[in-house]
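Colleague: Take a look at this one; I'll ask things after.
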């Protein structure tokens, strides 16, 4: 499988790949521009790709800018993550019907959704692997996630640049896509270098007109990927992390960051691994049918921790502490991995530019007495 | 590791229709329900470990995590003692015998019965905290000879709040040292006045190293029970508490009930004190 030599195809062949996947009943999703951001949406044509655009990111800032070339995947990551396809923002769990004998409960029917993701970055492959552990690795399985995950086809695209907010090298998740994909592309000027990660990937690739990659192509691809590595500036030391956070639960910095944090939940919504959810009753008042629906929730919502009518975490600093200590600390004990993949979304999309790497550093520099 | 019913492992949202068979009013705002599954009158449908809980669901209102409070050896339904505290329990309190609701479970960890065998066992209950402990007390009564001294300290705000008062005589007769205390004496009360830890502090305990403490009640009470027990020389590894947090999925998948690294629903509700100690005293964690 993985020892199959890298292939090369011309850019136009990507359309053939999309067509082939659609012919095989996959819903192909990938990057496209909407509301001045590169988001993930259903793709039928390569014309929808953000060709010639890039994203400039900084804490609290995201702007699309014209590139001086015509690259198709010449951006980093946007506000969307792929989790919306595997762990949708709204999912029906149960249908309840009133009968003459009382209430009856019907498990939700699983949708048959074959999804092919095009343009998955290395940090995003890592995020999917993290959510696999959360939803499938424990004693209870999330059956909806499981069914979506089973029928997933993954086309990774290696980063050829990095944003100022990226720190995947610190989290050891990127920028190079190493495993967990069916196909992995590296974009060069004349086309795509394609690594094959699975039999399914190889099979689908039969729809494209392939050429053997030349040494020149391989070199160009390598230098493109190296460019991303060299652009990464942000770093976070991780070796001492769970313990550092555990030892500093009463650190004064929590209060300081709590004063800046708006508790807006943006960081948790854009995070590709955050998995918290709530269940609500969706009731049609004219009938005796109720759906129980699961929606994304956030530990930044005060009602998230309600216990006996009052929140356990009643102030923003307590909620920020919960998020960060969970993401970088207790996640390890729960799931055997960090909850952070270094994508930098929470930094970019924080309206006040709170940077978790800086918060960790602040605590490390001046530990609580 | 607690046994997980295979059907729940693949779909923790699997909900069954349960019919209210009996309602026993305990005291103000607290009632005990016996729920029988429509699909089964077989005792094997009600298997649980003392300390575990079910999610009770009132359609259109929501779910609430309620511990089992019946006898695990003689299950003739799900027995739940419920206090009116929020929307779900308020709606539940309006239901009558014969009406239906949803049940899924059992979930969570049970009391560490194998670790209590051969030990002096101290059970400390505060208010409604006796409900999740009652299945354990039934077990201790039934297998009394497997344990050394068994003490049960029950505290409540007033005498009227002492749960299951008609059972204390049976438990005493079975060889359990039942001690009661109230925060506030009302007319006719001749017993102890004060917090449960006052009784724990002066409890006669031979071989302190062979003692184990299990406790359930308000969180603040359990913290002090843990501290008092440790002050008396009982190691944190021999103290267990039953925690309460906002539980929604009951399967460690929704994130609500975390306390430090523990998902209270899945890793608890019964947790060893040494595991909770770093987190229990941190405010708003």
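The values are calculated or read from the model by the stated rules, or taken from the named source; none is laboratory data. All values derive from a computational prediction rather than experimental measurement. Every residue, glycine among them, receives a Cβ derived from its backbone with ideal geometry; neighbour counts consider all protein chains shown.
Colleague: Residue B:194: surrounded by fewer than 20 Cβ atoms within 10 Å (Cβ to Cβ), under 25 Å from residue B:164 (Cα atoms) and either free of Cβ contacts under 8 Å to residues at least 40 places away in the same chain or in contact with a helix residue (DSSP H, G or I) (Cβ under 7 Å, 6 or more places away or on another chain) (or both), yes or no?
Modeller: For residue B:194, the condition - surrounded by fewer than 20 Cβ atoms within 10 Å (Cβ to Cβ), under 25 Å from residue B:164 (Cα atoms) and either free of Cβ contacts under 8 Å to residues at least 40 places away in the same chain or in contact with a helix residue (DSSP H, G or I) (Cβ under 7 Å, 6 or more places away or on another chain) (or both) - is met.
Colleague: In this structure, is residue B:85 within 19 Å of the chain's Cα centre (by Cα) and modelled with pLDDT under 95?
Modeller: yes
Colleague: Report whether or not residue A:65 is surrounded by fewer than 20 Cβ atoms within 10 Å (Cβ to Cβ) and in contact with a helix residue (DSSP H, G or I) (Cβ under 6 Å, 6 or more places away or on another chain).
Modeller: When the stated conditions are applied, residue A:65 does not pass them.
Colleague: Consider residue A:260 against the criteria (1) touching a strand residue (DSSP E or B) at 6+ places or on another chain (Cβ under 9 Å); (2) modelled with pLDDT of 95 or more; (3) more than 28 Å from residue A:337 (Cα to Cα): it satisfies all of them except one. Which criterion is unmet?
Modeller: If we test residue A:260 against (1) touching a strand residue (DSSP E or B) at 6+ places or on another chain (Cβ under 9 Å); (2) modelled with pLDDT of 95 or more; (3) more than 28 Å from residue A:337 (Cα to Cα), just (1) comes out false.
Colleague: Is it true that some residue in the stretch B:102-109 is free of Cβ contacts under 8 Å to residues at least 40 places away in the same chain and surrounded by 15 or more Cβ atoms within 10 Å (Cβ to Cβ)?
Modeller: No, the stretch B:102-109 has no match at all.
Colleague: Residue B:238 versus (1) closer than 18 Å to residue B:2 by Cα; (2) more than 10 Å from chain A (Cβ to nearest Cβ): which is the lone unmet condition?
Modeller: Here residue B:238 meets the rest and fails (1).
Condition check ((1) more than 24 Å from residue A:197 (Cα to Cα); (2) surrounded by fewer than 19 Cβ atoms within 10 Å (Cβ to Cβ)) across all residues:
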position: A:121; (1), (2): no, no
position: A:129; (1), (2): no, yes
position: A:140; (1), (2): yes, no
position: A:146; (1), (2): no, yes
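Colleague: Whether any residue in the stretch B:203-226 is in contact with a strand residue (DSSP E or B) (Cβ under 6 Å, 6 or more places away or on another chain), under 24 Å from residue B:24 (Cα atoms) and part of a strand (DSSP E or B) is what I want to check.
Modeller: Yes; the residues of the stretch B:203-226 include at least one that is in contact with a strand residue (DSSP E or B) (Cβ under 6 Å, 6 or more places away or on another chain), under 24 Å from residue B:24 (Cα atoms) and part of a strand (DSSP E or B).
Colleague: Would you confirm whether any residue within the stretch B:38-47 is away from every other protein chain (no Cβ under 14 Å), at pLDDT below 95, surrounded by fewer than 18 Cβ atoms within 10 Å (Cβ to Cβ) and touching a helix residue (DSSP H, G or I) at 6+ places or on another chain (Cβ under 9 Å)?
Modeller: yes
Colleague: Moving on. Within the stretch B:241-258, how many residues turn out to be more than 7 Å from chain A (Cβ to nearest Cβ) and buried (at least 24 other Cβ atoms within 10 Å of the Cβ)?
Modeller: Residues flagged as more than 7 Å from chain A (Cβ to nearest Cβ) and buried (at least 24 other Cβ atoms within 10 Å of the Cβ) within the stretch B:241-258 amount to 6.
Colleague: Let me ask something else about it. Considering only the stretch A:102-116, how many residues are surrounded by 15 or more Cβ atoms within 10 Å (Cβ to Cβ), assigned to a loop (DSSP other than H, G, I, E, B) and either in contact with a helix residue (DSSP H, G or I) (Cβ under 6 Å, 6 or more places away or on another chain) or modelled with pLDDT under 95 (or both)?
Modeller: 2
Colleague: May I ask you to list the residues in the stretch A:145-165 that are in contact (Cβ under 8 Å) with a residue 60 or more places away in the chain, part of a loop (DSSP other than H, G, I, E, B) and touching a strand residue (DSSP E or B) at 6+ places or on another chain (Cβ under 8 Å)?
Modeller: A:158, A:160, A:161, A:163, A:164, A:165
Colleague: Restrict the check to the stretch B:81-91 and report whether at least one residue is in contact (Cβ under 8 Å) with a residue 24 or more places away in the chain, touching a helix residue (DSSP H, G or I) at 6+ places or on another chain (Cβ under 9 Å) and under 18 Å from residue B:171 (Cβ atoms).
Modeller: The answer is yes; a qualifying residue exists.
Colleague: I would also like to ask the following. Here are some residues: A:54, A:99. Which one is at pLDDT below 95, in the same structural domain as residue A:18 (by TED's automatic domain parsing), out of contact with any helix residue (DSSP H, G or I) (no Cβ under 6 Å at 6 or more places or on another chain) and surrounded by fewer than 22 Cβ atoms within 10 Å (Cβ to Cβ)?
Modeller: Just one listed residue meets the conditions, A:99.
Colleague: Can you tell me which residue is farthest from the other protein chains (Cβ to nearest Cβ) among those in the stretch A:301-353 that are under 25 Å from residue A:140 (Cα atoms) and part of a loop (DSSP other than H, G, I, E, B)?
Modeller: A:341
Colleague: Being within 19 Å of residue A:318 (Cα to Cα), more than 8 Å from chain A (Cβ to nearest Cβ) and surrounded by 24 or more Cβ atoms within 10 Å (Cβ to Cβ) is the filter here, so list the residues in the stretch B:260-275 that pass it.
Modeller: Listed by number, the list holds a single entry, B:264.
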